[in-house]
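*Asks:* Quick one: this structure, given as structure tokens, is what I'll be asking you about.
The values are calculated or read from the model by the stated rules, or taken from the named source; none is laboratory data. These figures come from a predicted structure and were not determined experimentally. Note that each Cβ is placed from the backbone with ideal geometry, even for glycine, and that neighbours are counted across all protein chains shown. These accessible areas exclude ligands, DNA and RNA; they are computed on the full protein's heavy atoms, side chains included. Shrake-Rupley method; radii C 1.70, N 1.55, O 1.52, S 1.80 Å.
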Amino acid sequence: MQIELGHFLALSATIFGIGAIGFLVRRNVLVQLMSIELMLNSVNLTFVAFNRYAPQNHLGQLFAFFVIAVAAAEAAVGLAIVLSFFRLRKTVHSDRADTLKN
Amino acid sequence: MNGDLDSKWLFAIVLFPLVGALVNGLFGRKAGRGAVHFVAVASVAMAFVIALVMFKKLIGLHAHSLGNSEEHAVLSFNAYEWFSLSNGGQTLSIPVKFVMDELSGVMTLVITGIGLLIHIYSTGYMSEEPSYARFFAYLNLFTASMLILVLGSSLPLMFVGWEGVGLCSYLLIGFWFENEAYAKAGRKAFVANRIGDFGVILGMFLLAVVCGSFEFADINRFAMEHAPALTSAVALGPKGTPFLVFPGITFATAATLFLFLGCTGKSAQLPLYVWLPDAMAGPTPVSALIHAATMVTSGIYLICRLSPVFALAPHTMAVIALTGAVTALLGATVGLVQNDIKKILAYSTVSQLGFMFAAVGCGAFAAGFMHVYTHAFFKACLFLGAGSVMHAVGAHGDADIRTLGGLRKYMPTTHWTFLVSCLAIAGFPGFSGFFSKDEILLGALSTGQLFSFAPWLGPTIFGMLFLGATMTAFYMFRLYFLTFCGEYRGGPHHDDHDDHGHGDEHAHHDPHESPAQMTVPLAILGFGAIAAGYVWVGIAHFEPWVKWLAPALAELKEEHGATAPFIAMGFGLTACFVGIFTAYAFYFKGSETPAKLQAAFPRLHSLLMDKWRVDELYEVTILGFSRFLAWFAAGFDKYVVDGLITEVTSQLVMVCSFITTRFQNGLIHSYGAIMAAGTLALTFYVVAPHPRPSMADPEGLKVKFDAEHGLAYTYRWDFDGDGKFDTEWSEDAAAQHQYADAELKRGVVAVFEGAAYGRSAELSELKPGERLHVSKRDLGPAWQVDAKDDSLPSIVADATGVLIQPNGARVMLGTTLQPGNVKMHLALGEHATIGDARLSVTGVVHPRLSVRNAFGQEGARSFDLVLPKVESRIVAAVAGVPGVAP
């Protein structure tokens, strides 16, 4: 069986869906951050897949590197926030991040 | 007199006390008492000296202008323009202008002169007062306001003074505001005056509307030269076409009645006099200056100032005279039985003001004003004397005469001045009150033609005034005998608390004479009480006074025989002697009669003790009503506004906020879910196919189409709307089509442009056999051929156009009128004019656009296309159409 663009996209959509659902249903901030990583990486997968079918100037790979850089930055900031949130509340449960509520 | 250098000093008369008030008000608390009373007394003294100089100048002018009766001797100084009103090119300027004429000159001298004496007296009387500077600041401010009131050349400027003295009166009545009752008395005065001020404002504007000016001089000249304008009935609305006319009420009557309402407030007449007796809560010098000598006479001053206007309103004059006489009697009757010195003097003032109003109401302006002048001396002297007595026995505002007595030997100066003033107010021959009171009685005797509508009025008022004068003599000497004769009865009882501060040191000692700051003013005022009359009187009449005031006052023909002055004098003397003798018999000899009378008429006595229970009457009627109103308004606010309206609104907001705050719950995953849902919805919308056709104006039967572009769309068109697509799927959104006649005939449309202005063309698609409905309104006013035939045209569609049966309507093809009621057929592209409306027949097609996206989803939309295009135009503008104006 030949692996086509459609297969890449289907895999990517599945990973993205797992990430999105994980982000929405899990309350552990660390898991949510990991879900975000999943979604970002599924997008990376589509980028490199497109790049394979349109390799003229490697725009897809270029964008994948961008996304990896952004994801790293996001992880750094996100983990710092989680750390200080944990110091404040002694938990990483996102429901407890409700200081601004009411 | 404008431009005369010396007239500028008129401004200084006002300015000195004003600056004094400012200095004492701002810096007085820090300064010593010496500095405070130096500033206060010196500023009034300067004003008095300048007033004297100006008055001397005025006398010169007056003598100069005597030969020429047209010229009114005035000194005037126009300081600056305060503001101006403009209405349709007409500008009414209101300057700050001070005028001293015969009338205001005398008032100025009285205010500054007596004011100076009372300032000096106060330095002694108030020497123990902690708020020394505040007192003198108020007193100076009062002097300045009163001077603005009398020197102001126009009604608005006078009103500034009028309000200023009202303010100072309020501040000084409530000077010891720690005492709740005193503060209440101040408020009462303020509110009563406010009712009157409302009248002054209305009268002022009414006069300005009729006379076209606020200046006293202009209004008086207008009243003398254009009397009919003022004696016409009051009409509201534009000139010539008023929407409301009050027949029988003239402008003069209305305006003067409004002004008189103000006078009853300021000058303590029925029905607004109730504040004055309570005003005695203020320090005694204040009672002397404001509530006896000056402020309360400003009502009489205002009437004299505008006497030419009042002279045009005999009904107002009757009201004034009657009000004055009734007030005079009311004050006198209450004065008969009171036991508090200041209460007696207060009601005496109410009564004497009533005499003045009775006089001016009878047209004897000069006599009324003479009494203002003489009353200022003896009443100020009486009040200051009372103050001296209270100072001596250590009473504070409530010296009961039953506890006094025999003060003659303790305080000789006070005694002598008090006796002289009592004689003056009783009208004893040779004293100042004698002259003015006789003139008032004479005025009531000789009302001439003024009360021709009620001839009984003059004699009635005369009788009431005679009675009032008798009682005046009686109660004044009752006061004198009980206070100064007999033996000292021990003075008032003292509470431990004495907020005046200097009671205790006197309480257990014999009374003593007051210090020189107090006795010297008393002596001067006492001298004035004797001599004030002589300056102006001849034998048995006061010709010089009348001559002096003549240029400033209206002339009313006083008709009296040669004996009338002697009749008046006879009655005046009788009143005086009967009153004094009765008081002598009752209180000096110690008769039992007063007690017997009291026992015989207990209810009358208690009614008089309770001051006719007017306060109680007002309490249950006016105050009761306003309390009910306040209660109702508060309840309405609480239960309807706050309860119903606010509650409903807040609940609504609560519900809305409850719903919306569910979204802002601070939970990250909830925000994430909403974001994901939104993104999905947006994606779905963007990806779904949206056919949005557009087209350029057709060129003949050729039409260019276009469609809105979308993501990866392909397009196809069905130009003639027959259900089969005429093009293949194409990535190009634009297309064009040349229509053939056959394609157009698929639909017939009647485009109907109604005659009514602003109606847009109405497009009706008709199937064969269907009828177009038109109304008369659509066809315009001149649609009928024959006025009798009003049957509407019938318009029915067929396969190729419409069939018109004109019936009674005027139908034209092009510019030719169809003769008679003949059927006609309009084919595609043709038009006819029916009445003023235009009917075009045209074809219609329904092209269809279909759009497909990358996922193969399709969307389609049909739309209308009218061909050939209808040229819109205004039918009524067609030239040469019979019956239609071009």
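*Asks:* How about B:LYS57: which lysines have a C-alpha closer than 19 Å to its C-alpha, ignoring those fewer than 8 places off in the same chain?
*Replies:* B:LYS8, B:LYS97, B:LYS547
*Asks:* Please identify every one of the chymotrypsin sites (Phe, Trp or Tyr not before Pro) in the stretch B:386-470 that sits in a loop by DSSP and has no more than 16 other beta carbons within 10 Å of its own beta carbon.
*Replies:* Sites meeting the loop and neighbour criteria: B:PHE453, B:TRP456.
*Asks:* While we're looking at this one, here's another question. What ratio of Cα Rg to 2.2 N^0.38 Å holds for the stretch B:314-422? It would help to have the intermediate numbers written out before the result.
*Replies:* On the way: Rg = 16.0 Å, N = 109, 2.2 N^0.38 = 13.1 Å.
Output field value: 1.22.
*Asks:* Sticking with the crude label model, points 7 Å out along Cα→Cβ, report the distance from A:TYR53 to B:GLU619 in nm, one decimal please.
*Replies:* 10.1 nm
*Asks:* Then there is this: Taking the Cα atoms of the stretch B:629-686 alone, what are Rg (to one decimal) and Dmax (as a whole number) in Å?
*Replies:* 21.2, 65
*Asks:* Let's test the formula: R0 of 45 Å, r as the Cβ-Cβ distance of B:LEU667 and B:VAL641. What FRET efficiency results, to the nearest 0.05? Working shown, then result.
*Replies:* On the way: r = 39 Å, r/R0 = 0.88.
So the FRET efficiency works out to roughly 0.70.
*Asks:* In Å, what Kirkwood hydrodynamic radius results for the stretch B:389-447 from the alpha-carbon pair distances? Mind showing how you got there, number by number?
*Replies:* Values: mean 1/r = 0.0734 Å⁻¹.
That comes to 13.6 Å for the stretch B:389-447.
*Asks:* Moving on. Once every Cα of the stretch B:1-136 carries one equal point scatterer and solvent is ignored, give the base-10 log of I(q)/I(0) from the Debye formula at q = 0.09, 0.10, 0.12, 0.22 Å⁻¹, two decimals.
*Replies:* Rounded to two decimals, the profile gives -0.37, -0.45, -0.61, -1.20.
*Asks:* For the protein assembly as shown, with the dipole built from +1 on Lys and Arg beta-carbon atoms and -1 on Asp and Glu ones, taken about the Cα centre, which of B:PHE474, B:ALA293, B:ALA634 lies farthest toward the positive end?
*Replies:* B:PHE474
*Asks:* Keeping all protein chains in position, work out how much accessible area B:MET675 exposes to a 1.4 Å probe, and write it in Å² to the nearest 10.
*Replies:* Spelled out: B:MET675, probe radius 1.4 Å, area about 130 Å².
*Asks:* Name all residues of the stretch B:779-805 having a backbone nitrogen under 11 Å from the label point set 7 Å from the Cα of B:HIS825 along its Cα→Cβ direction, giving them as ranges.
*Replies:* Of the residues in the stretch B:779-805, B:798-804 have backbone N under 11 Å from the label point off B:HIS825.
*Asks:* Let me check against my output: what whole-number percent is the relative contact order of the stretch B:749-843, with C-alpha pairs under 8 Å and at least 6 apart? Before the final figure, lay out each step's value.
*Replies:* Values: 220 pairs, mean separation 28.8, N = 95.
This gives 30 percent for the stretch B:749-843.
*Asks:* Okay, next question. When we measure straight from the Cα of B:LYS638, which lysines land under 30 angstrom away, once same-chain ones fewer than 8 places off are left out?
*Replies:* Partners within reach: B:LYS184, B:LYS188.
*Asks:* Reachable aspartates and glutamates from B:LYS30, Cα under 17 Å, same-chain residues fewer than 8 places away excluded?
*Replies:* Candidates past the 8-residue exclusion: B:GLU128, B:GLU129.
*Asks:* How much net charge surrounds B:MET370 when only other residues with a Cβ under 13 Å from its Cβ are counted (Lys, Arg +1; Asp, Glu -1)? Mind showing how you got there, number by number?
*Replies:* Numbers: positive: B:LYS437, B:LYS547; negative: B:GLU102, B:ASP438, B:GLU439, B:GLU543.
Spelling it out: positives minus negatives among the neighbours equals -2.
*Asks:* Based solely on its DSSP helices, what 222 nm [θ] is calculated for chain A when runs of n ≥ 4 H residues each add -39,500 (n - 2.57) and the sum is averaged over all residues, nearest 500 deg cm²/dmol? Let's see the in-between values first.
*Replies:* Numbers: 3 runs with 77 residues, N = 102.
Using -39500 (n - 2.57) per qualifying helix, the result is -27000 deg cm²/dmol.
*Asks:* Taking 8 Å as the Cα distance limit and 6 or more residues as the minimum spacing, I'd like the relative contact order of chain B as a percentage. List each step's numbers first, then the result.
*Replies:* On the way: 1624 pairs, mean separation 71.5, N = 886.
RCO, chain B: 8 percent.
*Asks:* Which distance in nm do the two modelled labels at B:ALA634 and B:ASP6 give, with both placed 7 Å along the Cα-to-Cβ direction?
*Replies:* For B:ALA634 paired with B:ASP6, the spin-label model returns 6.2 nm.
*Asks:* Could you compute Rg(Cα) / (2.2 N^0.38 Å) for the stretch B:364-467, with N its residue count? Don't skip to the answer; put the middle values down first.
*Replies:* Values: Rg = 17.9 Å, N = 104, 2.2 N^0.38 = 12.8 Å.
Normalised by 2.2 N^0.38 Å, the Cα Rg of the stretch B:364-467 equals 1.39.
*Asks:* Here is a further query. For B:ASP726, list long-range residues whose amide hydrogen, built 1.01 Å from N in the peptide plane, is under 5 Å from its own amide hydrogen.
*Replies:* B:TRP717, B:ASP718, B:PHE719
*Asks:* Work out, step by step, the length gained on full extension between B:ALA564 and B:PHE246: first 0.36 nm times the residue separation, then minus their alpha carbon distance; give nm to one decimal. Write out the running numbers ahead of the final one.
*Replies:* Details: separation 318, 0.36 × 318 = 114.48 nm, distance 3.93 nm.
That pair, B:ALA564 and B:PHE246, stretches by 110.5 nm at full extension.
*Asks:* Using a 10 angstrom cutoff on alpha carbons, build the Gaussian network for chain A and name the most mobile of A:ARG26, A:ARG52, A:ARG89.
*Replies:* It is A:ARG89.
*Asks:* Any idea what the dipole of chain B comes to, in debye rounded to 20, about its Cα centre with Lys/Arg Cβ at +1 and Asp/Glu Cβ at -1? Before the final figure, lay out the partial values.
*Replies:* On the way: 56 positive and 70 negative charges, 292 e Å.
My answer is approximately 1400 debye.
*Asks:* Would you mind checking the radius of gyration and Dmax of the stretch A:5-90 based on alpha-carbon positions, in Å?
*Replies:* 15.3, 52
*Asks:* Also: Principal axis extents for the protein assembly as shown, Cα atoms only, whole Å, descending order, please.
*Replies:* Sorted from largest, the Cα extents of the protein assembly as shown read 143, 99, 65 Å.
*Asks:* Quick check: convex hull over the Cα atoms of chain B, volume per residue in Å³, rounded to an integer? If you can, show how the numbers build up before the last one.
*Replies:* On the way: hull volume 288.8 nm³, N = 886.
Output value, Cα hull per residue: 326 Å³.
*Asks:* Semi-axes of the equivalent ellipsoid for the stretch B:187-343, please: Cα gyration tensor eigenvalues, times 5, square-rooted, ordered largest first, whole Å. Mind dumping the intermediate values first?
*Replies:* Values: eigenvalues 226, 45, 39 Å².
Over the Cα atoms of the stretch B:187-343, the semi-axes work out to 34, 15, 14 Å.
*Asks:* Taking +1 at the Cβ of each Lys and Arg and -1 at the Cβ of each Asp and Glu, which of B:THR447, B:THR582, B:PHE378 sits farthest along the dipole of the stretch B:313-609 towards its positive end, judged by Cα position relative to the Cα centre?
*Replies:* Positive-most Cα among the choices belongs to B:THR447.
*Asks:* Same structure, new question: For chain B, what is the mean residue ellipticity at 222 nm derived from helices alone (per DSSP H run of n ≥ 4: -39500 (n - 2.57); sum divided by total residues; nearest 500 deg cm²/dmol)?
*Replies:* -16500 deg cm²/dmol
*Asks:* Identify the residues of the stretch B:307-334 with backbone N under 15 Å of a label point that sits 7 angstrom from the Cα of B:SER452 along the Cα-to-Cβ direction, or state none.
*Replies:* B:312-315
*Asks:* Further question: Calculate the all-directions average of the projected area of the stretch B:749-843's alpha-carbon convex hull, and give it in nm².
*Replies:* On the way: hull surface 22.0 nm².
Mean projected area of the Cα convex hull: 5.5 nm².
*Asks:* Mind giving me the FRET efficiency for B:ASP732 and B:ALA677? R0 is 45 Å, r the Cβ-Cβ distance, nearest 0.05 is fine. Numbers along the way, then the final one.
*Replies:* Working: r = 36 Å, r/R0 = 0.80.
Efficiency computed from Cβ-Cβ geometry: 0.80.
*Asks:* Using a Förster distance of 56 angstrom, determine the FRET efficiency expected from the C-beta separation of B:LEU85 and B:SER127, and round it to 0.05. The partial results should precede the final answer.
*Replies:* Details: r = 49 Å, r/R0 = 0.87.
Computed FRET efficiency for B:LEU85 and B:SER127: 0.70.
*Asks:* So what is the accessible area of the stretch B:313-609 per residue, in Å², with the probe set to 1.4 Å?
*Replies:* Values: 10770 Å² over 297 residues.
Ligands and nucleic acids excluded, the figure is 36 Å² per residue.
*Asks:* Counting alpha carbon pairs within less than 8 Å and at least 6 residues apart, what relative contact order, in whole percent, applies to the stretch B:1-157? Write out the running numbers ahead of the final one.
*Replies:* Details: 220 pairs, mean separation 55.3, N = 157.
Over the stretch B:1-157, the number comes to 35 percent.
*Asks:* Still on this structure, please answer the following. Can you tell me the equivalent ellipsoid semi-axes for the stretch B:313-609? Use √(5λ) from the Cα gyration tensor, largest first, whole Å.
*Replies:* Working: eigenvalues 253, 89, 51 Å².
Semi-axis lengths for the stretch B:313-609 are 36, 21, 16 Å.
*Asks:* Okay, next question. At a 1.4 Å probe, what is the % contribution of carbon and sulfur to the accessible area of chain B? If you can, show how the numbers build up before the last one.
*Replies:* Details: 25250 of 39380 Å².
The nonpolar share, carbon plus sulfur, comes to 64 percent.
*Asks:* Please state the charge dipole magnitude for the stretch B:602-735, taken about the Cα centre, from unit charges on C-beta atoms (+1 on K and R, -1 on D and E), reported in debye and rounded to the nearest 20. Can you show the working numbers first?
*Replies:* On the way: 11 positive and 18 negative charges, 214 e Å.
Its charge dipole is roughly 1040 debye.
*Asks:* For the stretch B:844-857, just list the computed ³J(HN,Hα) in residue order, Karplus coefficients 6.51, -1.76 and 1.60, θ = phi - 60°, integers in Hz, with x standing in for Gly and Pro.
*Replies:* The phi angles translate into 9, 10, 10, x, 9, 10, 10, 10, 10, 9, 5, 8, x, 6 Hz.
*Asks:* Rounding to the nearest 20 debye, state how big the charge dipole of the protein assembly as shown is about its Cα centre with +1 on each Lys and Arg Cβ and -1 on each Asp and Glu Cβ. Present the calculation step by step, with values, prior to reporting the outcome.
*Replies:* Details: 64 positive and 75 negative charges, 241 e Å.
Roughly 1160 debye, rounded to the nearest 20.
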